[in-house]
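Taking it in order: structure first as structure tokens, then the write-up.
The values are calculated or read from the model by the stated rules, or taken from the named source; none is laboratory data. All values reported here derive from a predicted model rather than from experimental measurement. Cβ coordinates were reconstructed from backbone atoms using ideal geometry, including for glycine residues, and neighbour counts include every protein chain displayed.
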Amino acid sequence: MTATKNQFNVNEFGYYGQFGGAYIPEILFNNVEELKNNYLTIMNSQSFKTEFDDLLKNYVGRPTPLYLAKNLSKQFNTTIYLKREDLNHTGAHKINNAIGQILLANRLGKKRIIAETGAGQHGVATATVCALMGLECIVYMGQADIERQAPNVARMKMLGAKVVSVTSGTKTLKDATNEAIRDWINHAEDTHYIIGSVVGPHPYPDMVARFQSVISAEIKTQLLSCVGKQNPDYVIACVGGGSNAAGAFYHFLNDLEVQLIGVEASGKGIHSGHTAATLTVGTPGIIHGSKTYLMQTNDGQITEPYSISAGLDYPGVGPVHAYLFETKRANYLSVTDDEAMHAVINLTQKEGIIPALESAHALAALSQINFKPSDTVVLNLSGRGDKDLTTYINYLDTHTHAK
Amino acid sequence: MQNRIDNLFKQKNKNILSIFLTAGYPKHDDTLAIIKQLDACKVDLIEIGIPYSDPLADGPIIQQSSQVALENGVTLKNIFEQLKNLRSVTQMPVLLMGYINTVLQFGIETFYQKCNEVGIDGLILPDLPLEEYNSVHKVYAQKYNIHVVFLISPNTSAQRIKVIDEQSKGFIYLVSSNSTTGSGKELPTTLVQKVEDIKNLHLKNPLLMGFGIKGKPEFDAACKLVNGAIIGSSFITLVGHSTNFEKDISQFISTIKN
Ligand SMILES: Cc1ncc(COP(=O)(O)O)c(C=O)c1O
């Protein structure tokens, strides 16, 4: 398959090529159908747009800057802009989607909000918008992630959310998502599930991508005023479920001259058996209600992913990325734990910006690409590193050469 | 073509007792032994769960049994191995219940063909969308004489129930409340009215109720409303603790029947 124009959006049946769909138990049929029938109408209504734009501007602090990283550019002998999603309120791109979905939930009359979270950024974003709207909030988080992202757990609790520790399976994002879906089954009538990435049954992948598409819309406008053209040569973003990448790619999908690069976490290495690089080691199947690539055994059992980064530690990937991968519209690279850690330190010391571990995977991929000096590169810096400080301090303590 | 599920409902349309077990639980080779005992106790129907790593519609008890079965090394391939002698053990209708990813990886047609080969009569695949059943599965279901049973919940609209009834074969699985399996939820008080409404639709399929049927009181309550009921989690708990299947299963089934 090769890429042609205008084929990258979801079709009327909820598929991107062969990927996507809604593989859900019948109990959730009404909920998903309600979303499917209403999300576009609601999102396109004037009252929604006004409220969404106002909150993004005055509450989240958008537009986020497009920062010309001079020292990084010099290091890689090209021109690199960082899209500063780390400067959003609550510290990552996740809030864009949480604002959108809470406004949607309000319009659907839902009183109870649930979410899953890995790194805790989506959990914090959801807890934040629930505090803002006065809605009950329950966040499912794997026990392993609760331990490695303690500051975000404290923030969620302070915001009034109930954080439920998930002890099934690998105790990470996949299992938190399972538990959130089970909660939804048990509270189908009054609950809206705010999924944190471009995963899950249709219409979630499309809906979340649309809420995150503000990232690429802003890049276009900002680049025009910085360099006199809307399109860069490269857009680079990390991929867990794939929402920050989907948002950063969105308005460039049909501009085929823009190279789109997604970066997955290879953990301890692609062939180590401890990886989360789904598109490299996975095969097509069904995960969390969607047909996409996932890491699984020959028998169809979902296998345990591994990454130092809680937000990328997921055995699936959004169906839109499975499709962009298969059509070769985007390229997917992968980066190990160590490479990501080096990229954290590099950015911190060169630009004075401490990135999130997830975003550091995108940064580490810079050295895998042969840029021309004349290239314009936009890298989506999806979040800030406050939540990862303990991991960073421990790493620096044990790797003195990095100082 | 005859199907054992249809034959059952021709002979009996009240108090149908269906038991759910997880293949390869508690021990890898227990599956047939348990089925044999259920046959001796004269239950009406058996559902065998294919263990899955991420069973979204299941509560903690069935999740845990799946996990143990997977740790025991159970795969779909060796479930079919184990079931080779199914029809020398029982003539009861037997269904497989599982998640769609397992079937996809096995190969859809091969799966239906294998089911037919070992004498499986029906399938329950909770995350198989009706539309995909029609466009992909239905030809194989017909070719291999496998009845695919769909679920409805107290939330399902009358219109959709009619569509599901059109497509479902054998029976319809009525989920008693909006819950995962084995939840502690009581049977909802609104259920009586809901079932009345469903009956007024004059469905072609019989109804069996499942999820939350723990023991005799729930089984009797369900049988007053519909053609029968399915017991899952509490049976899994029983075999999980049992040191003597023959004695424990007979006792369990007779408490429910009498
Ligand atoms: C800062 C940051 N970036 C990226 C991700 C990965 O998610 P996605 O691939 O949906 O952007 C996360 C998830 O927690 C995150 O916190």
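If I filter segment A:330-339 for residues that are among the aromatic types (Phe, Trp, Tyr), more than 30 Å from residue A:396 (Cα to Cα) and in contact (Cβ under 8 Å) with a residue 12 or more places away in the chain, do I get at least one hit? No, every residue in segment A:330-339 fails to be among the aromatic types (Phe, Trp, Tyr), more than 30 Å from residue A:396 (Cα to Cα) and in contact (Cβ under 8 Å) with a residue 12 or more places away in the chain. If you check A:98, A:119, A:125, which single one turns out to be modelled with pLDDT under 95, within 13 Å of the ligand (Cβ to nearest atom) and over 21 Å from residue A:186 (Cβ atoms)? Checking each option against the conditions leaves just A:119.
Across segment A:150-191, which residue is farthest from the other protein chains (Cβ to nearest Cβ) among those that are small (Gly, Ala, Ser) and over 29 Å from residue A:275 (Cα atoms)? Before the answer, list the steps.
Keep residues of segment A:150-191 that are small (Gly, Ala, Ser), which gives A:150, A:154, A:160-161, A:165, A:168-169, A:176, A:180, A:188.
Pick out the ones that are also over 29 Å from residue A:275 (Cα atoms) and you get A:160-161, A:188.
Details: A:160: 26, A:161: 22, A:188: 5 Å.
Taking the candidates together, the pick is A:160.
For the condition under 24 Å from residue A:62 (Cβ atoms), surrounded by fewer than 22 Cβ atoms within 10 Å (Cβ to Cβ), at pLDDT 95 or above and not assigned by TED's automatic domain parsing to the domain that holds residue A:388, residue A:224 does not qualify.
Checking each residue in segment B:97-138 for being buried (at least 22 other Cβ atoms within 10 Å of the Cβ) and away from chain A (no Cβ under 14 Å) picks out B:112, B:115, B:120, B:121, B:122, B:123.
Filtering segment B:207-246 to residues that are among the small types (Gly, Ala, Ser), touching a helix residue (DSSP H, G or I) at 6+ places or on another chain (Cβ under 6 Å) and buried (at least 21 other Cβ atoms within 10 Å of the Cβ) leaves B:229, B:233. The criterion of at least 1 residues that are within 14 Å of chain B (Cβ to nearest Cβ), over 27 Å from residue A:225 (Cβ atoms) and in contact (Cβ under 8 Å) with a residue 40 or more places away in the chain is met by the following helices (runs of 4 or more DSSP H) wholly inside segment A:22-113: A:29-44.
For segment A:196-211, filtered to residues that are touching a His at 6+ places or on another chain (Cβ under 9 Å) and within 14 Å of another protein chain (Cβ to nearest Cβ), the residue that is nearest to the ligand (Cβ to nearest atom) is A:199. The number of residues in segment B:12-54 being without any contact (Cβ under 8 Å) to a residue 60 or more places away in the chain and assigned to a helix (DSSP H, G or I) comes to 5.
Please determine, by comparing only the residues of segment A:293-307 that are more than 13 Å from the ligand (Cβ to nearest atom) and more than 10 Å from chain B (Cβ to nearest Cβ), which one is modelled with the lowest pLDDT.
Restricting attention to segment A:293-307, the residues satisfying the condition of being more than 13 Å from the ligand (Cβ to nearest atom) are A:293-304, A:306.
From the residues that got through so far, the ones that are more than 10 Å from chain B (Cβ to nearest Cβ) too are A:293, A:295, A:306.
Working: A:293: 98, A:295: 98, A:306: 95.
Out of the qualifying residues, it is A:306.
Taken over segment B:152-176, the criterion of being surrounded by fewer than 20 Cβ atoms within 10 Å (Cβ to Cβ) and either touching a residue at least 60 places away in the same chain (Cβ under 8 Å) or not aliphatic (A, V, I, L, M) (or both) is satisfied by B:155, B:157, B:159, B:160, B:162, B:165, B:166, B:167.
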